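Student: Before I ask anything, let me first share the structure, which is written out below as structure tokens.
The values are calculated or read from the model by the stated rules, or taken from the named source; none is laboratory data. Predicted, not measured: the structure shown is a model, and the values here were computed from it. Cβ sites come from the backbone with ideal geometry, for glycine too, and all protein chains shown count toward neighbours.
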Amino acid sequence: MKKRLAIIENHRKKAAARSRKCFESDCDSFAIDSHLLQKNGIINRIAEDRHVYEFAYSTFTIPYHLQFQRRGINKVFSFKGFCPIHDNQIFSPIEKTDFELTSNQNQLLFAYRSLVNEFRKKEIVVEYYTSLLTDPQNPIPRQLLQESIQGQNMGIQDGFKVLELLKANIHDPQNTQFIFYSRQLPRIDICACGVYTFETSNEINSLFYTKDFRFFKPLTDVFLTFLPFENHSILSIGFINGYNKKCDEYYHDLFNNRTDQYVLHVLSDILVLQLENWITSKTFYYDKIHDRQDKIIKLLNWAGKNMDERFKLKFNLFK
């Protein structure tokens, strides 16, 4: 197991360490290490000794290899996204310590940065999977790697359509194709920022079987941001308005008709089963997670066979 993980990790690290150009299409400058979330003013709200615990697991081990890594706030949530000029020009509104998360413009900026981060992760995955294919010691079946590369490339291609729409809405406030819901919740020492797919595996399979693949439209991207403030946390969830009627109805009901406890339970399900980008304080990790890691691993293995990602788990991170 350790040898297998070491081979995979070696290829991943090489791909992740490569220099990358700024994500802005007309820029030839190299990208710096951008932060998915501002370290001063957001991440440091939950940091203890300038460190946090980051959720991480490998999908190429059975059972899943789960770990919560202790990371310094200078390194956590970093990715090669933009050059210094564009990073500052685009994201300065959410780099302020007093920004308003419920602002539509700021929610769009968090969504945009989350999607660019996903693009970079997919690029890295394609590169190190491709590299693994040439390694005589590769421990992963070639067909699985090839199918995974194809899936990552399809995700990149589909994501560009959403990316362009986000940029259009950011540059022109009159564009309102995205809807965001916000909810104030009890203060919890977790920061999360990412994108996941609304459709369940059952729904995706049904689409593949009932529609011509050439006319298969991209899946529904859902953008989630969860940040702690002084006495509370704020959950923001957004997506293209009117793109998926079931998605519209589900989140309208969640934010308008459900209790805080119910919303937190749904958030727990998303963090454990659908979203990779989240971190906790040391105190929250030892109070709520450390002694339950085996339970989370079992849930991850169950989730690999489960076809309904919106199934409500009995497990709850916050209890």
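Student: Could you list, ordered by first residue, the pairs with Cβ atoms under 9 Å in which the first is in segment 246-257 and over 15 Å from PHE178 (Cα atoms) and at pLDDT 95 or above and the second is part of a helix (DSSP H, G or I) and hydroxyl-bearing (Ser, Thr, Tyr), at least 6 apart or interchain?
Tutor: Pairs found: LEU254/TYR262.
Student: Turning to a different aspect of this structure: Might you let me know whether segment 137-144 holds any residue that is in contact with a Gly (Cβ under 8 Å, 6 or more places away or on another chain) and either within 19 Å of ARG18 (Cβ to Cβ) or surrounded by 14 or more Cβ atoms within 10 Å (Cβ to Cβ) (or both)? Steps first, please.
Tutor: Looking only at segment 137-144, we keep the residues that are in contact with a Gly (Cβ under 8 Å, 6 or more places away or on another chain), and these are none.
No.
Student: Further question on the same structure: Could you list all residues from segment 184-195 that are farther than 15 Å from THR280 by Cβ and surrounded by 20 or more Cβ atoms within 10 Å (Cβ to Cβ)?
Tutor: Selection gives VAL195 alone.
Student: Is there a residue being among the small types (Gly, Ala, Ser), crowded, with 17+ Cβ neighbours inside 10 Å and in a loop (DSSP other than H, G, I, E, B) anywhere in segment 39-56? Can you show your working first?
Tutor: In the first step, residues of segment 39-56 are kept if they are among the small types (Gly, Ala, Ser); the result is 41, 47, 56.
If we keep only those that are crowded, with 17+ Cβ neighbours inside 10 Å too, we end up with 47.
Filter once more, so that each one left must be in a loop (DSSP other than H, G, I, E, B): 47.
Scanning segment 39-56 turns up at least one residue that is among the small types (Gly, Ala, Ser), crowded, with 17+ Cβ neighbours inside 10 Å and in a loop (DSSP other than H, G, I, E, B).
Student: Can you name the strands (runs of 3 or more DSSP E) wholly within segment 159-263 that have at least 1 residues being over 15 Å from the mean Cα position of the chain (by Cα)? Lay out the reasoning, then the answer.
Tutor: Details: elements: 178-186, 190-197, 221-228, 232-240.
Answer list for segment 159-263: 178-186, 221-228, 232-240.
Student: Restricting to segment 262-276, count the residues that are free of Cβ contacts under 8 Å to residues at least 24 places away in the same chain and not hydroxyl-bearing (Ser, Thr, Tyr). Full working, then the answer.
Tutor: Of the residues in segment 262-276, the ones free of Cβ contacts under 8 Å to residues at least 24 places away in the same chain are 262.
Next, only the ones that are not hydroxyl-bearing (Ser, Thr, Tyr) stay: none.
Of the residues in that region, 0 qualify.
Student: ASP98: surrounded by fewer than 14 Cβ atoms within 10 Å (Cβ to Cβ) and either of a type in the set (A, V, I, L, M, F, W, C) or under 19 Å from the mean Cα position of the chain (by Cα) (or both), yes or no?
Tutor: It is false that ASP98 is surrounded by fewer than 14 Cβ atoms within 10 Å (Cβ to Cβ) and either of a type in the set (A, V, I, L, M, F, W, C) or under 19 Å from the mean Cα position of the chain (by Cα) (or both).
Student: Quick one: in segment 264-304, of everything that is assigned to a loop (DSSP other than H, G, I, E, B) and under 23 Å from PRO228 (Cβ atoms), which residue is modelled with the lowest pLDDT?
Tutor: For segment 264-304, the residue satisfying everything is GLU276.
Student: Something else now. List every residue pair whose Cβ atoms sit under 6 Å apart, with the two residues 6 or more apart in sequence or on different chains, where the first one lies in segment 31-42 and is free of Cβ contacts under 8 Å to residues at least 60 places away in the same chain and over 15 Å from GLU54 (Cβ atoms) and the second, anywhere, is hydroxyl-bearing (Ser, Thr, Tyr) and crowded, with 22+ Cβ neighbours inside 10 Å.
Tutor: That search, which allows pairs on different chains as well, returns nothing.
Student: Among (1) surrounded by 14 or more Cβ atoms within 10 Å (Cβ to Cβ); (2) over 23 Å from VAL272 (Cα atoms); (3) at pLDDT 90 or above; (4) small (Gly, Ala, Ser), there is one condition SER19 misses while meeting the rest; what is its number?
Tutor: (1)
Student: Are any of the residues in segment 5-24 within 27 Å of LYS282 (Cβ to Cβ), assigned to a helix (DSSP H, G or I) and of a type in the set (Gly, Ala, Ser)?
Tutor: yes
Student: Among GLN146, GLN184, which is modelled with pLDDT of 90 or more and more than 26 Å from PHE91 (Cα to Cα)? Let's see the steps before the verdict.
Tutor: Working: GLN184 fails: more than 26 Å from PHE91 (Cα to Cα).
Result of the check over GLN146, GLN184: GLN146.
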